[in-house]
Amino acid sequence: MTQKTLDFDALGITLADVFEQMGYHDTEPDDTTRRETQAIIAEARSWLHPRFCYQVMREMPVFDMGKIILRQLRGSEAYALFICTGGIEYEAYQQRLNDKGDMVRIFIADALGSVIAEKCADVMEATLQESIDKLQWQHTNRFSPGYCGWDVSQQQLLFPLFEGHTCGVRLTDSSLMVPIKSVSGIVGLGKNVRKLDYACGLCDFSQCFKRNLKFSK
């Protein structure tokens, strides 16, 4: 099991990342939105502690992931199961904003939280790749329950495999993660696998953030 706690700067988040998540693809945000986004980032930088953990398994666990993901994992010699999270601190921060009813900041913080979780997963991938470089292995895309035909209820099979070492993330009865700004899933590893552009044409999940970013550009 590999676990790591990061700080905000380790994520390499830019204003452009947050604005894109907010939906500003071909337009620029107004001055108020820009100032509020900068202010929220400045706040989070001082106390944010995103975390990730992963473990490598030689045999694929018994998941019902569907043909899209299984096709992408074909040829893997091992599998990394992972959990990445913005942390309970960010969850508490969002709750404070909700209590105040500041809709502008709530919207910005929600977008930033999504970016934090995904950037944390990017750092996890880079760390994972460093660990398998000595084997001359590569890794596939990361795939998560709730996407590409892998039902979110499969989280209930994924989380017990971490034996309680889940970076502070827990599941609700409906299989949602708390803190909500978290990402979990699987990555294939091996000499004959590679990371591809996300094949949105193969997937019919219209709410996928990868699809939304791709087709809004």
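Just one of SER144, SER46, SER131 is under 14 Å from LYS181 (Cα atoms) and polar (S, T, N, Q); which is it? Selected residue: SER144, the only one of SER144, SER46, SER131 that is under 14 Å from LYS181 (Cα atoms) and polar (S, T, N, Q). The sole residue among GLY168, GLY190, GLY164 that is touching a strand residue (DSSP E or B) at 6+ places or on another chain (Cβ under 9 Å), small (Gly, Ala, Ser) and within 20 Å of CYS84 (Cβ to Cβ) is GLY168. Can you give me the number of residues within region 25-47 that are exposed (fewer than 15 other Cβ atoms within 10 Å of the Cβ) and either touching a Pro at 6+ places or on another chain (Cβ under 7 Å) or more than 20 Å from TYR93 (Cα to Cα) (or both)? Selection size over region 25-47: 7. Applying the condition of being in a helix (DSSP H, G or I) and over 17 Å from the mean Cα position of the chain (by Cα) to region 48-70 and asking which residue is surrounded by the fewest Cβ atoms within 10 Å (Cβ to Cβ) yields LYS67. Of all the criteria given as (1) of a type in the set (A, V, I, L, M, F, W, C); (2) open to solvent by less than 10 Å² (accessible area, probe 1.4 Å); (3) not in a helix (DSSP H, G or I), the one not satisfied by LEU128 is (3). Is region 77-86 home to any residue that is part of a helix (DSSP H, G or I) and touching a residue at least 60 places away in the same chain (Cβ under 8 Å)? Within region 77-86 (the criterion being part of a helix (DSSP H, G or I) and touching a residue at least 60 places away in the same chain (Cβ under 8 Å)), the answer is no, since none of the residues qualifies. If you take the residues in region 177-206 that are part of a loop (DSSP other than H, G, I, E, B), within 27 Å of ASP110 (Cα to Cα) and out of contact with any Gly (no Cβ under 9 Å at 6 or more places or on another chain), which one is modelled with the highest pLDDT? It comes out as ASP197. For beta carbons closer than 9 Å, sequence separation of 6+ or different chains, a first residue in region 144-172 that is among the charged types (D, E, K, R) and a second that is open to solvent by 30 Å² or more (accessible area, probe 1.4 Å) and assigned to a loop (DSSP other than H, G, I, E, B), the qualifying pairs are ASP151/ASP64; GLU163/MET1.
Taking the condition over 20 Å from CYS120 (Cα atoms), free of Cβ contacts under 8 Å to residues at least 40 places away in the same chain and in contact with a helix residue (DSSP H, G or I) (Cβ under 8 Å, 6 or more places away or on another chain), does LEU97 pass? Yes. Can you find a residue that is out of contact with any Asp or Glu (no Cβ under 7 Å at 6 or more places or on another chain), modelled with pLDDT under 95 and either hydroxyl-bearing (Ser, Thr, Tyr) or open to solvent by 60 Å² or more (accessible area, probe 1.4 Å) (or both) anywhere in region 74-83? Within region 74-83 (the criterion being out of contact with any Asp or Glu (no Cβ under 7 Å at 6 or more places or on another chain), modelled with pLDDT under 95 and either hydroxyl-bearing (Ser, Thr, Tyr) or open to solvent by 60 Å² or more (accessible area, probe 1.4 Å) (or both)), the answer is yes, since at least one residue qualifies.
The values are calculated or read from the model by the stated rules, or taken from the named source; none is laboratory data. Just so you know, these numbers come straight off a predicted model, no measurement behind them. As a convention, Cβ positions derive from the backbone with ideal geometry for all residues, glycine included, and neighbour counts pool all protein chains shown. The accessibility values were calculated without ligands, DNA or RNA, using every heavy atom of the protein model including side chains. Shrake-Rupley method; radii C 1.70, N 1.55, O 1.52, S 1.80 Å.
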